Each structure stands twice: as C-alpha cells, then as structure tokens.
Amino acid sequence: MDVGETGIGFKIGLALLNSISFVFDITTYIVYCLTDLPWSVKSKARCLKSTIVNVEKANAESHTINVFDAKNEKVVERLSIKNKSVQKMIGDAGVSVTYKRIFTPSKIHSMLQKENIDTLEKVLNYVSQKFSSKRCLGTRELLNEEDEIQANGRVFKKFNFGDYHWKTYSQVSMLATNFGRGLREIGCVSNENVVIFAETRAEWMIAAHGLFKQNMLLVTIYATLGEEAIAYGINQTEVSVVITSHELMPKFTKILHMTPKVTTLIYMEDQLKTLDTSGYKEGVTIYPFSEILKMGATSDKGDNPPSAEDAAIIMYTSGSTDVPKGVILQHKNLIATMKAFSDVFEISEDNVMIGFLPLAHVFELLVESIALCAGVPIGYSSPLTVIDSASKIKKGTKGDASVLRPTVMTAVPLILDRISKGIHEKVKKSGSFKKLLFKFAYDYKIRWTARGFKTRIIDRIVFSNIQMILGGRMKYILTGGAPLSADTQKEITTCLCAHVIQGYGLTESTSAACVENITTMQYGRVGPPCSTCLVKIVNWDEGNYTVQDKPWPRGEMIVGGDNVAAGYYKLPGKSKEDFYEEGGKRWFRTGDIGEVHEDGVFKIIDRKKDLVKLQAGEYVSLGKVETHLKTCPLVENVCVYGEGTQQFCVALIVPHPNHLEQLAKNKGIPEGTFEELCNSDQLAKIVTKELADHLKKGKLEKFEIPGAVKLVPEAWTPESGLVTAALKIKRKEIQKYYEKELKELYAT
C-alpha cells in the first residue's frame, strides 16, 4: 500500500523499524511457531478444494471419475488439474470439465438435513422455538431529524439516533404469523403474488415470512428503482397488493396511475412522522403495517405452509444489461444456498450481524437467514447511516456499526473499494510518524501472514483504530455481486483484520455458484464450487477459451444443482435459452468465463457480454479493465467502452473529488469547481496518463488501456438509472446517456 512518502528520513525510519522487528522475530520465532502452527495454516490453504467429477469430449463421450465419497465425506482419489492422467483424459477433444467441492457439512447444514427443513417457513418455525427469548431483529431508535447547514450553504437532513431496540425470535415468528393472517383477512390467497417494495429493515423480513407462512409468492423490487421499472415489475406479476414504506409512499402518487391492478397499499410506518394519505389514486385502500398485524392477531385463519417445490420468490434481477427479469426461486433453491453458505463459515450465537444491503436480493436475504439459524441477532442499518461519517449521521452521533459492534456483514465490491480508498486517504492525511508506522505494519503483516503467522501485536497497536470504522469486532465480510479486485481484498483483510470471503453467484443460481474458503491465502479468486452444486467449464471458441488451455482450463461457467432457479417469470423463450436439464440436475448458463487453478479454485476472468473485439482483432474484457481501474484512488466509478471499428477503447470516469483536486493542484491546473475540473481537457489528458500508468503496473496489455478518458462530474446512483440497486453499472444505459461524449472521445 502506497502511503505517499519517499524521503530519506522516511526510508531511514522504515529501515530502523525493520531492524528492530528482525531482532524481535528471531527471539520469538519458536514461540509463535508453537502457538500459530503456520505449517498447518499453509497446508490448509494449499489443499485441494474441488475435484473433477466429469469430462465430456467432442464426440459426446462423457467420462465420470468417482473421486469423492459424499456419504463418508472424504476424497477417494485426489486428482488435480496438474495430474498427468487428468490432462491426458481431457486431451485435445475435451469440451467441458465438471467440478465438485470437497467439504465437510457444517452444523447448520447437518441441522437442516436432520430436521427435514426444506422451506424458509420451516426455518423460522424451528429457530423461534430453539432461540425463543434471544434477540433476533433490531431497529435503532430515531430520536429526531435536524437540518445541518454545510460550509457551502447547502442544507442536509441529519438523523439523531438512540440505541437499538430488539424483537426476540418468538416475537418475530408471532408477528410474521399475524402479518400473513392479516393479509388473508384483506382478501389475499395462497399462490398469490404480493410485492415488497421497501428498504432493508425488520418489517421487510417479518412481512416476507408472513407471506411464506401462507404460501404466497414474494415479489421483490429494489427500493432504488425508477418509477417505470417499478411499474414494470408490478404489472408483469399482476399484483393487487403492494407492501412498501412511509418513505417510499410518495412514489405511488404517480406509480398507481401506471399500475391499474393495484388495489391495496400497506406501508411500514415511520418512527416520527405520520402519513398524509391525500393525493393517491381513488379506489386504492391504504393500510399501515401495524393494522395488518392487528387484523392477523384476531383472525381465525390458519397457516398454509409451502412445500420445497413451491415457488417462494419472484426476484427481479438488477437489469445491468437489459430490462429486469423476474427469476422464479423455489424454497428448495433457497435452502440449497443456505446449506452451501453455512459450509464456508460457521458463526455462533455470540456473533452479531449488521444488515444494510437490499433484502430484495437473495444474497442478503439468505446470509441473514443463516444468521437466524445460528441464533445470531441482526441489527438493521443503511449505507447512509452505517459508519460515524455517513452522510445521514448527525455530527457527534455514532453510526450504526459503532453502536451495534457487529462481527458479520455482507458487502458489494464497490463498498469495499470505497472503504479501501477511505483508509488510503486517512493514512495520507496523517503525520509522518503515523505514515511510517502504518507502512511498516502493513508490509510486516503481509509478509508474516503469507507465512502462516498471526500478527496480534501489530493488529492491536496499528490496525485497531481502522477496525473501529466498523465497530472494532468485525470477523467476516461476505462479498459478491461483482468481481472484487485482489488489491482491495488484501487491503481490507489486512487493515480490518477480518476474513473477506468472496463468492460468486447470480440470482438465477440463488446467489450461489462458488465461494472461497476462509483458509485461503490467495486473493482475487471466487473459490471452489459451492457444496450443494456442480460447476462445469465449457469451451467458448469465440473468446478463445478452452478446457485445454495451459496452465489452467478456461471456459464459460455453467452451474447445476438444487440452487438453480425454475426459470424466468413469463419468459419461456429466455428460460429455455439460459436453463436446461441434464443428468437429473437443472443447469444455468452464466455467460461468465472462469479459469480453474491447480487447487480446484475458480477465478472469474471475463464475461461474454463484456467482450469487445477491436479493429486489429484483439479482444478486450471491459469488466476486467474496469476492475483494475477501480483500484486507482482517482476513480470513484468507471465504465469502459469499445467499438469494433476502433483501435482502442475509451473510458467514462466518475472521479474522486479530493484526489482530482489534489492532482490538478500538483499539475498546476487553475483552481475551479469540481464540475469545471471535470470539463478541463488538459486535466482529462493528465488523468488518462495517470490511469495508463496505473494499468501498466497491473500488467494489462497496451490494447486494454483506454486511449481517451471523459471525466464525469455527476455520481451514478440507482435513482439516475445508470447503476443497479446492487451498484453494478448498467452498461447499455450509460452508453446511451453519454452517446455524444463517447463519440467525441473517439473523434479526439
């Protein structure tokens, strides 16, 4: 990690600290060997994580290798891609190779199996009895809202929070039962579609389980979508009842005129404000959430539990490349992913989870469901309130993480990139001694953890302050949704002293395909296949990826197992194109390109839709270039674009304001507003060179480096329609929005 110091004094100080540490290391080496057992750590990191179970040849011959005894949970024969017999078997005619994870079922996995828990309805029933009086779902008390005047005269709304208030497991189960019965009191029936359009909060989870208890289909729509996208999901699923929140109710003054079948709105109340129900479409009944609960509490309706084969959720994909598609997820899909995720990390009752990613995505929903299975309390937050410096936190008030002090969280790569850049910025603003100490500590920890040792003293002295950003107790950070760069993963793992567990999956695979082991000592990979599915790689000739590639097999990743969805809602043609049945399993073609390393671990290296062939015939992976660019402190967000008629690609960059201003100052660019700096052609050329140097360090090819850059002053948000709710860029929308700017980049 670069801390921005190159002076002689800094180098002398660093050398002195290294000399002192050398003496310390020599004298304590034997002690740390006995306590840390580094050989065992390295052995676990190097061991085989998945094994080949099938190789298909071009002549349609399929050769199965029985290498894993699932009943006894042991490997019968250890075969890796390095094994000459496997290479010979793949040969020149190999077109696909199928992999299975080597694993031991976790306690939660075994419990779900033993208790025959095959639906989310059964999950809540079981845990509400096992952990009856324990804390379950927590909501922070909102004391008041205040207007805070900024230095530039703008006024921002800030929140003043109190403590978390908790509902027990038995209370949550009772509320879910009452909510489901309350829905039946207003006319809802089993197998009916009901939309939840709300931000992540306790009522979201309660409402979802109320639907599951009555075998109603939960339709999830991201709270950050625009009005047309919201109306699209509501109309396609033909819902009459929408569950939303006080904050989002004003949207329905317009949306209701685009959704003729909606007759009922149920809103989750605000802690401070009451709802003005005037201005809504006539004929639409509006209920507060609490009223539905009251109806259910006095109802004589019973529950109507689902089966494993029943559809549980119609979950709309984030629509990064096209119109959002509704993915039909069955209860058995959800349980399969829960088993798979629980096999990676086992959490106990003394952990605490913070929830702030959208529950409208299955990744967050199922990680929280695993927490419930372990008796782990979940405190709810939001991206705008999670840390002390968050934009909605009043000065002098603690962010949610500081109050909750969580040990588990989920995150998307963009959030981790921002945390990493925030650490960089904090270090660079510190004094020379702190920079020196941080540089020494960071390099020292990287060096010794690579040898299998822990660095407890360094963690306590140097990194404890950084850990306090997320409350000081974080153990597990689970990330998915997009590739996480190796540099960011290494920095977050090192500085926050937590396991950053990267996984890979799609809504169509119920967010599960691959997930890394916590024993890994490598960064930037997504792990072996999940324990409840198989992953095969298939030749993609157009992209020149094959299973015969050296040193590692490469190809399109196809996922098969109980986690694969039933298909797309009302899109039979698209379902047939992307899903298929084979060998008693359901399979999904991901469109992502992976390579399999010698230990059976996958790395995502490309995506079919992200591949552009330039004029000279070189293929450029736009996603790969974007991932590297996001590690540059200058870059807040980026979209790379390429045309087949051109010799180079170009990039739209949303720059980090502070870093852009500092660069302009260093290069003698006249001072100006952020927008004026972004519109400076001179500064754009300087940034282009800075980014080119950064990509060269990342060992990208010359043709992969953008030849021109446009600096974009406006942030890309879900509300603008340029990124998804999961903060992934919408490539087509961005290209359409900046069509003029892209043409100008090529013209120059």
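General remarks:
- The set of residues in the range 239-258 being touching a helix residue (DSSP H, G or I) at 6+ places or on another chain (Cβ under 8 Å) and either among the hydrophobic types (A, V, I, L, M, F, W, C) or modelled with pLDDT under 95 (or both) consists of Val241, Val242, Ile243, Lys251, Lys254, Ile255, Met258.
- Long-range neighbours under 6 Å by Cβ, at least six apart or interchain, first residue under 17 Å from Ala513 (Cα atoms) within the range 96-112, second assigned to a helix (DSSP H, G or I): His109/Lys339; His109/Ser342
- Test: Thr493 is in a helix (DSSP H, G or I), under 17 Å from the mean Cα position of the chain (by Cα) and more than 24 Å from Asn658 (Cα to Cα): yes
- Residue match in the range 1-20 (condition: surrounded by 12 or more Cβ atoms within 10 Å (Cβ to Cβ), closer than 30 Å to Cys514 by Cβ and modelled with pLDDT under 90): yes
- Options Pro406, Pro383: the member that is touching a residue at least 60 places away in the same chain (Cβ under 8 Å) and either buried (at least 19 other Cβ atoms within 10 Å of the Cβ) or under 22 Å from Glu425 (Cβ atoms) (or both): Pro406
- The range 21-61 - residue that is surrounded by 13 or more Cβ atoms within 10 Å (Cβ to Cβ) and farther than 25 Å from Tyr523 by Cβ and, of those, modelled with the lowest pLDDT: Lys57
- Residue count for the range 474-483, restricted to those that are under 13 Å from His499 (Cβ atoms) and touching a helix residue (DSSP H, G or I) at 6+ places or on another chain (Cβ under 8 Å): 4
- For the range 613-622, the count of residues that are more than 26 Å from Pro551 (Cβ to Cβ), in a strand (DSSP E or B) and not assigned by TED's automatic domain parsing to the domain that holds Gly422 is zero.
- Within the range 387-443, being at pLDDT 90 or above and aromatic (Phe, Trp, Tyr) holds for Phe438, Phe440, Tyr442.
- Test result for Glu618, under 24 Å from the mean Cα position of the chain (by Cα) and over 24 Å from Gly503 (Cβ atoms): no
- Tally of residues being crowded, with 17+ Cβ neighbours inside 10 Å and farther than 21 Å from Asn191 by Cα across the range 252-279: 5
- For the range 283-376, the strands (runs of 3 or more DSSP E) that sit wholly inside it and include 1 or more residues that are of a type outside the set (A, V, I, L, M), in contact (Cβ under 8 Å) with a residue 12 or more places away in the chain and more than 18 Å from His209 (Cβ to Cβ) are 285-288, 311-316, 326-330.
- For the residues Asn144, Asn160, Asn191, the requirement of being assigned to a loop (DSSP other than H, G, I, E, B), over 21 Å from Ile286 (Cβ atoms) and of a type outside the set (Ser, Thr, Tyr) singles out Asn191.
- Scanning the range 111-143 for residues that are touching a Phe, Trp or Tyr at 6+ places or on another chain (Cβ under 6 Å) and at positive phi gives no hits.
- Odd one out for Leu683 among (1) at pLDDT below 90; (2) over 29 Å from Ala486 (Cβ atoms): (1)
- Output for the range 322-376, where each listed residue is of a type in the set (D, E, K, R), in contact with a helix residue (DSSP H, G or I) (Cβ under 8 Å, 6 or more places away or on another chain) and more than 18 Å from Asn116 (Cα to Cα): Asp322, Lys325, Glu346, Glu368
- Candidates in the range 660-690 are the residues that are in contact (Cβ under 8 Å) with a residue 40 or more places away in the chain and surrounded by 20 or more Cβ atoms within 10 Å (Cβ to Cβ); of these, the one that is farthest from Glu425 (Cα to Cα) is Val687.
The values are calculated or read from the model by the stated rules, or taken from the named source; none is laboratory data. Quick caveat: nothing in here was measured; it's all calculated off a predicted structure. As a convention, Cβ positions derive from the backbone with ideal geometry for all residues, glycine included, and neighbour counts pool all protein chains shown.
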